[in-house]
Amino acid sequence: MSLLSAPISVFVSITYKCNLRCRHCAVYSEAIAYDDLDSESWIRFFHELAELKVFRVRLSGGEPFMRHDIWRLIDIIHSLPMRLSINTNATLIDKEAAGRLSLYRKIDEIMVSLDGSCPETHDPLRGKGTFREVYRGIENLVRSSLPVSFYCTVNRYNFRELDKIAQLALEWGRRPIKFNDLLPEGRGLKNYKDLSLKREEWEEALNLLGELRRTYGPVIAGTILDQGDMYDSMRHMGREDLQGLPPNSLSGCGALIRECAVRPDGWITPCDRLPDLKAGHIHEHRFREIWHSSEVFETFRKRREVLLSELEECRGCLYHPVCTGGCPAAPYVLYGTVMTRDPLGCYRIYLGEEAFNVL
Amino acid sequence: MEMKDKTFVMNKDFVFREEEEGAFLFNPQTDELHCVNGVGMFICKLCNGKNHMDEICKRIWEEFDVDVEPHRLRREVESFIERMLALNLLKERE
Ligand code: SF4
């Protein structure tokens, strides 16, 4: 398959600023601070995306509504031939902001982080009083008929009440909700020991989510279920099913096929989960040039050619033909390379056949 | 008017994005996305309000390694254009 002339969609971390200090945040760590690009640079960049006929932009952060010029930037994006999605913590969305958002006809999704069903489970993770603020913001968005969806990071504080969190999302109009694993990045890495689930807890969460999906259908989704499905199919395959089949490659990541990301300070990266893989800066290079010929991107794209059977870590594994090697972000953070499997998505490690500890 | 006498233009509501192996047609207002292969992309580019069916078929014949009879090719091009019209991706030139 040849390389697309430009991405279909670009993930734009429009600001590094955030009004919350969530303990599981994969973006922030106290060790990093980026300077945000100014309005004019972003405006030039959005025009460049439109010239390249990029169809979608997703604004994220930080918290996008921390930018004083956010409405101007949304206006510009909306005036271009592209669609828009926004990731937000919703705490800054008052009635007026929700009403204003509802006037844009090309917003596909407003994804709100929702990590608990009540202050007792939510606030220890995201800060005192935040549940009420998030709740109010969501109510404003829902009342303005905006396409709200939810993102829940499953962790030690909330894994036993995922049904209650799902219930909230369903009460707000059967909204899609993703239940995703905690990532060992940013503050999530710092607090990983405290927040991550043990294997039995992860299975408990998976079973609960499986039940919810059977009851409510595909509005219940996320990486935990995806991983559970993959493990399930592996469990049902015997040696005779797998022997003789060709090995898969490290193909579990879609970055740089249809998408890439931009950091708040203007560095282009394969994905927002890989902020240190800097391919080029939008002040120094045309975006098209970075997409097509950055060395970092060329190397990253070669990841898909690496066969699992060639990896030291995967030597002798029965599951080469069905495994995809998972997400490159965790191995990058843990080992400094993307050219290997994701230990957090490895079935052999999950089975306990290999020892593994993030810390 | 018969198909052979008509000319066509792309619907300007759709962004036409050329790729190596085909093209995307995307309507940012409605989020509608379609893909066409290399021959489809070639036909779309000939739909500039000037080319009639004869000209479009002739140009395909010259450009591609076509291994069907001319009347089959013509039928296929007609049916492609009809589908594009039905999807509102093409319009008849007024
Ligand atoms: S299950 Fe684990 S060891 Fe086996 S191929 Fe996948 S990542 Fe490698």
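The values are calculated or read from the model by the stated rules, or taken from the named source; none is laboratory data. Keep in mind it's a predicted model, so treat the numbers as computed, not measured. Here the Cβ positions follow ideal geometry from the backbone for every residue, glycine too, while neighbour counts run over all protein chains shown.
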(message) Can you report the number of residues in the stretch A:16-57 which are crowded, with 19+ Cβ neighbours inside 10 Å, modelled with pLDDT under 95 and of a type in the set (Val, Ile, Thr)?
(response) 1
(request) Could you please find all residues in the stretch A:302-317 being near the ligand (Cβ under 7 Å from one of its atoms) and either buried (at least 19 other Cβ atoms within 10 Å of the Cβ) or not in a helix (DSSP H, G or I) (or both)? (result) A:LEU308, A:LEU311, A:CYS314, A:CYS317
(request) Kindly provide the set of residues from the stretch A:179-194 that are surrounded by fewer than 19 Cβ atoms within 10 Å (Cβ to Cβ) and modelled with pLDDT of 95 or more, ordered by number. (result) A:ASN180
(request) Kindly indicate whether any position in the stretch A:95-106 is surrounded by 20 or more Cβ atoms within 10 Å (Cβ to Cβ), under 24 Å from the mean Cα position of the chain (by Cα) and charged (D, E, K, R). (result) no
(message) Six or more apart or on different chains, Cβ atoms under 7 Å: show the pairs whose first residue is in the stretch A:304-315 and more than 14 Å from every other protein chain (Cβ to nearest Cβ) and whose second is more than 11 Å from the ligand (Cβ to nearest atom) and not polar (S, T, N, Q).
(response) A:VAL306/A:MET339
(request) Give A:ILE290, A:ILE349 a once-over and let me know the one that is of a type in the set (A, V, I, L, M), in a helix (DSSP H, G or I) and more than 11 Å from the ligand (Cβ to nearest atom). (result) A:ILE290
(message) If I ask for residues that are touching a strand residue (DSSP E or B) at 6+ places or on another chain (Cβ under 6 Å), without any contact (Cβ under 8 Å) to a residue 60 or more places away in the chain and away from chain B (no Cβ under 14 Å), which ones from the stretch A:89-110 would you list?
(response) A:ALA90, A:ILE110
(request) Take the stretch A:90-128 and flag every residue that is in a loop (DSSP other than H, G, I, E, B) and among the small types (Gly, Ala, Ser). (result) A:ALA90, A:SER102, A:GLY116, A:SER117, A:GLY127
(message) Among the residues of the stretch A:142-180, what is the count of those that are in contact with a strand residue (DSSP E or B) (Cβ under 9 Å, 6 or more places away or on another chain), under 17 Å from A:ASN87 (Cα atoms) and in contact (Cβ under 8 Å) with a residue 40 or more places away in the chain?
(response) 13
(message) Tell me yes or no: at least one residue of the stretch A:65-82 is of a type in the set (Lys, Arg), more than 14 Å from chain B (Cβ to nearest Cβ) and free of Cβ contacts under 8 Å to residues at least 60 places away in the same chain.
(response) yes
(message) I want to confirm something. Restricting to the stretch A:318-337 and keeping residues that are touching a Lys or Arg at 6+ places or on another chain (Cβ under 7 Å) and more than 15 Å from A:ILE349 (Cβ to Cβ), which single residue is nearest to the ligand (Cβ to nearest atom)?
(response) A:PRO328
(message) Let me confirm something: among B:GLU19, B:GLU55, B:GLU82, which residue is modelled with pLDDT of 95 or more, among the acidic types (Asp, Glu) and within 26 Å of A:LYS106 (Cα to Cα)?
(response) B:GLU19
(message) Looking for something crowded, with 18+ Cβ neighbours inside 10 Å and charged (D, E, K, R) - is there at least one such residue anywhere in the stretch A:232-246?
(response) no
(request) Could you list, in sequence order, all residues of the stretch A:5-61 that are within 14 Å of chain B (Cβ to nearest Cβ), β-branched (Val, Ile, Thr) and in a loop (DSSP other than H, G, I, E, B)? (result) A:ILE8, A:VAL54
(request) Taking the options B:LEU33, B:LEU87, name whichever one is within 14 Å of chain A (Cβ to nearest Cβ), free of Cβ contacts under 8 Å to residues at least 60 places away in the same chain and among the aliphatic types (A, V, I, L, M). (result) B:LEU33
(message) Given the condition closer than 16 Å to A:GLU259 by Cα, under 20 Å from the mean Cα position of the chain (by Cα) and of a type in the set (Lys, Arg), answer yes or no: does some residue in the stretch A:44-58 qualify?
(response) yes
(request) Quick one: B:MET53 ticks every box in (1) buried (at least 17 other Cβ atoms within 10 Å of the Cβ); (2) within 14 Å of chain A (Cβ to nearest Cβ) except a single one, so which number is it? (result) (2)
